[in-house]
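Encoded as structure tokens, the structure appears first; notes follow it.
Quick note: the coordinates plus some simple rules give every number you see, no bench work behind them. Being a predicted model, the structure only gives us computed values, none of them experimental. In this analysis, Cβ positions are derived from the backbone assuming ideal geometry, glycine residues included, and neighbour counts consider all displayed protein chains.
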Amino acid sequence: MPSETATAQRKSADSGTVITQAAAIGVNTVQFIGGEPTLSPHLPRLIRHALTADLSVNVYSNLVRATEDLWELFTAPGVALSTSWYAANRATHAAITGSSAAYAATRANIARAVELGIPIHAAIIAILPGQHTAAAEAELRALGVTAIVYATCRASAAPPATAATPRLTMAASGRGYSPPPLRAPMVDTGGKRRLDRP
């Protein structure tokens, strides 16, 4: 049986092949999603590969942590970020994400992306009753995010991705980044829920 490292390397190579094939058939944008793609050691190489293939790139991340090398890549022309945002209230955000640190880290990194001029899209995910999504939108707008959509969450049997093998999705779009179709399914950063945008 192959080791987890060997399997991750094979999947990374497969992703590179998919990127090349996608460019050849006219796909314009690739989106890297979770698990959490910023934890994958292969993400920088795959982003560079996509940019070299003249594809736009979108990284859908929880934006809790990103290395300085990734921030440098995120500022490259043709790269955009997407994230999920849950609440303007730290406690509600923590109740949903399961992390008391996620709110501050994600918020700071959203602000950093805006400051660096990186196109950023946010999905406000409605999960809990009384979540106050309007306040969440107001907070995102105050941070400078202008591309905001709302989504609801439902349970899914989707298998979890691992940090070493982020899922790769393709979105055919015009040149330059445009978000995935509004009805496109996504998997959250934990790979536990399937999210559908309304």
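The fewest-to-most ranking of 85, 71 by surrounding Cβ atoms within 10 Å reads 71, 85.
Summary of packing: across the peptides 120-128, 144-152, the per-residue average of other C-beta atoms within 10 Å ranks them, highest first, as 120-128, 144-152.
In a fully extended conformation the segment linking residue 67 and residue 95 would gain 7.5 nm over its present Cα-Cα distance, using 0.36 nm per residue.
Given R0 = 30 Å, the distance between the Cβ atoms of residue 105 and residue 134 translates into a calculated FRET efficiency of 0.85.
Please compute the length gained on full extension between residue 24 and residue 148, using 0.36 nm multiplied by the number of residues separating them and subtracting their Cα-Cα distance.
Fully extending the segment from residue 24 to residue 148 adds 41.5 nm.
In a solvent-free Debye calculation with one equal scatterer on each Cα, what is log10 I(q)/I(0) for the range 28-146 at q = 0.13, 0.20, 0.21 Å⁻¹, listed in the order of the q values? With one equal scatterer per Cα and no solvent, log10 I(q)/I(0) is -0.49, -1.07, -1.16.
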